[in-house]
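Notes to accompany the following structure.
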Amino acid sequence: MRRSRAILTVLTAGAVTAGAVLALSPSANAATTLGSAAAAKSKYFGTAVAAYKLSDTVYAGILDREFTMVTPENEMKWDATEPSQNSFSYSSADTIVARAKTNGQRVRGHALAWHSQQPGWASSLSGTALRSAMVNHVTAVATHYKGQIYAWDVVNEAFADGSTGARRDSNLQRTGNDWIEVAFKAARAADPAAKLCYNDYNTDGVNAKSTAVYNLVKDFQARGVPIDCVGFQSHFNSASPLPSDYQANLQRFADLGVEVQITELDIAGSGTAQADSYATVVQACLAVSKCAGITVWGIRDSDSWRASDTPLLFDANGTTKAAYTSVISAFGATTSPSSPTPSASSSAPGGGAAGCTATLSTNAWTGGFVTTVTVKAGTTALTGWRVAVTLPTGAAITNSWSSTASGSTGAVTFSSVGYNGGVAAGASTSFGFQGTGSAPSGTPTCTSA
């Protein structure tokens, strides 16, 4: 990921028309989450993960529930894993990898060689000393995670922006034009089973930069240099809109025989326009058989490196957005017509302005549903809350999170747990539940406790 990139908040051009999401036909395969919806079409759906946020129960709950692939956001980069030369530190990255294993998720490694986020000692090197240090680093990190990584971003962002298709001028490039292939060969020797990817931004359409990457892949294949995949970061906004030839560009790389992966997706905006753009990306991946899957760069808008652009699938409270529903729909699952727009809120008896309100956001399919409930405090802070939801006849709750449920059928009351009972005046928290049968559609009732 390139952090210095200029970002604007206007939604992308090149999106499909507003009605496109509604026209998608549902699949016979029921899907409850982003990961299972993608898996039904033999794709993965992943997210970038920050180790320090794993103590946030809302964040961790969404991570565990929704995604089948994880990418450490910063924990595997050079400055994190080798802060002092030949002194390696893996604890934060190991935490993410171990959690992924526990949850049955795969891991993308990001990134072994990059001009940015180098430790100070490496950025001060040049020539043969830097080349040797890079090879040693790639070898050590890939060896440490041998057999645990689905795919490595071996080299990240080695080409310059603009119309020339030139290499980026960096300390690594100045060690010699062969530095990229040397890194790939070192990674292959260290972990023969991992897929080896080149990853970059502003390569989403057919342009000089993407063509330079395309030619790199062809050259590597002709000379037997190992390369298995190309990653497309796909950070979209008004300055870098979703291009009309996005699918065609993915396909031309796939035609070379390499896997294509959408590695860092986020789309500035909100509402229907953002939702339709997300659907377009999913449809493009589905249309390209060698598109392995999609990774969004963060979980909630507030977790994004460009949070003010609200570019992700969950809002700051962890509530699903219209874009979430459009992704599920694009993969072919059925969603409830109102999802994820919350229903009208209701004050609890005795609550009113000083109590609390609750709103529903539901993703439903034939035979099941997932519901997220947002609890908002009124003019007085909450020290605890209870939300009553009436389930339709035949519906039953199979799982809930961030709350304690009083039962599983009929009228169910959800109570706050220790970490989310305290809600400041005017602030919100959320919880959720999964069930079988028809989704609840009535107005929930919130009571301060």
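The values are calculated or read from the model by the stated rules, or taken from the named source; none is laboratory data. In this text the structure is predicted, and so the values were computed from the model without any measurement. Please note: Cβ atoms are built from the backbone with ideal geometry, for glycine as well, and neighbour counts cover all protein chains shown. Surface accessibility is based on the protein's heavy atoms, side chains included, excluding ligands, DNA and RNA. Shrake-Rupley method; radii C 1.70, N 1.55, O 1.52, S 1.80 Å.
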- Query: Relative to the longest principal axis of the chain, what angle (0 to 90°, nearest 10) does the C-alpha long axis of helix 179-190 take?
  - Reply: 70 degrees
- Message: On a full-extension model of 0.36 nm per residue, what is the gain between Thr95 and Leu256, subtracting their alpha-carbon distance, rounded to one decimal in nm?
- Response: 54.4 nm
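Which pairs in the list Lys77/Lys146; Lys77/Lys195; Lys43/Lys146; Lys218/Lys290; Lys101/Lys195 are over 20 Å apart, alpha-carbon to alpha-carbon? Before the final figure, lay out the partial values.
Values: Lys77/Lys146 16 Å; Lys77/Lys195 18 Å; Lys43/Lys146 23 Å; Lys218/Lys290 17 Å; Lys101/Lys195 18 Å.
Those over the limit are Lys43/Lys146.
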- How many nm is it between the label spots at Lys218 and Ser124, if each spot is 7 Å from the Cα in line with the beta carbon? 4.4 nm
- Straight-line reach from Lys376: which aspartates and glutamates have Cα under 12 Å away, leaving out those fewer than 8 places along the same chain? none
- Query: By the scheme Lys and Arg +1, Asp and Glu -1, what is the net charge of all other residues having a beta-carbon under 14 Å from that of Thr325?
  - Reply: -2
- Query: To the nearest 10 degrees, how steep is helix 208-223 against the longest Cα principal axis of the chain, on a 0 to 90 scale?
  - Reply: 60 degrees
- Note on the structure: Once Lys and Arg are counted +1 and Asp and Glu -1 for all other residues with Cβ under 13 Å from that of Phe431, the total becomes +3
- Enter the angle in degrees (range 0 to 90, nearest 10) between the Cα long axis of helix 271-287 and the first principal axis of the Cα atoms of the chain, meaning the one along which they spread out most. 50 degrees
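Once a ≥ b ≥ c are taken as the square roots of the eigenvalues of the Cα gyration tensor of region 66-209, is the result rounded (a/c under 1.5), prolate (a/b larger than b/c) or oblate (a/b not larger than b/c)?
Values: a/c = 1.88, a/b = 1.26, b/c = 1.50.
Taking the square roots of the gyration eigenvalues as a ≥ b ≥ c, region 66-209 is oblate.
Quote the charge dipole size of the chain about the Cα centre in Debye, to the nearest 20; the model charges only the Cβ of Lys and Arg (+1) and of Asp and Glu (-1).
Dipole size: approximately 340 debye.
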- Query: Looking at (1) 29.9; (2) 21.1; (3) 24.4, which value of mean projected area of the Cα convex hull in nm² comes from a calculation on the structure shown?
  - Reply: (2)
- Query: Dipole of the chain (Lys/Arg Cβ +1, Asp/Glu Cβ -1, origin at the Cα centre): which of Ser403, Val373, Tyr324 lies farthest to the positive side?
  - Reply: Ser403
- Query: Once phi is turned into θ = phi - 60°, what whole-Hz ³J(HN,Hα) does the Karplus curve with 6.51, -1.76 and 1.60 give for every residue of region 126-140, x standing for Gly and Pro?
  - Reply: 7, x, 4, 5, 5, 4, 5, 5, 5, 4, 4, 5, 4, 5, 5
- Message: How large a share of the accessible area of the chain, in percent, is made up of carbon and sulfur atoms when the probe is 1.4 Å and the other protein chains stay in place?
- Response: 52 percent
- Write down the percent of antiparallel bridges among all DSSP beta bridges whose residues are both part of the chain, to the nearest 5. 55 percent
- Note on the structure: Result for the chain: accessible area per residue, probe 1.4 angstrom, in square angstrom, of 35 Å²
- Item | Packing rank of 88-95, 197-204, where each peptide gets the mean count of other beta carbons within 10 Å, highest leading | 197-204, 88-95
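Out of the GluC sites (Glu not before Pro) in region 51-150, which ones are loop residues according to DSSP with at most 12 other C-beta atoms within 10 Å? Write out the running numbers ahead of the final one.
Numbers: sites: Glu66, Glu73, Glu75; in loops: Glu73, Glu75.
Listed in order of number, the matching sites amount to none.
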- Between region 374-437 and region 114-140, what is the C-alpha centre distance in whole Å? 51 Å
- Message: If packing is taken as the average number of other Cβ atoms within 10 Å across a peptide's residues, how do 212-221, 162-171 rank, most packed first?
- Response: 212-221, 162-171
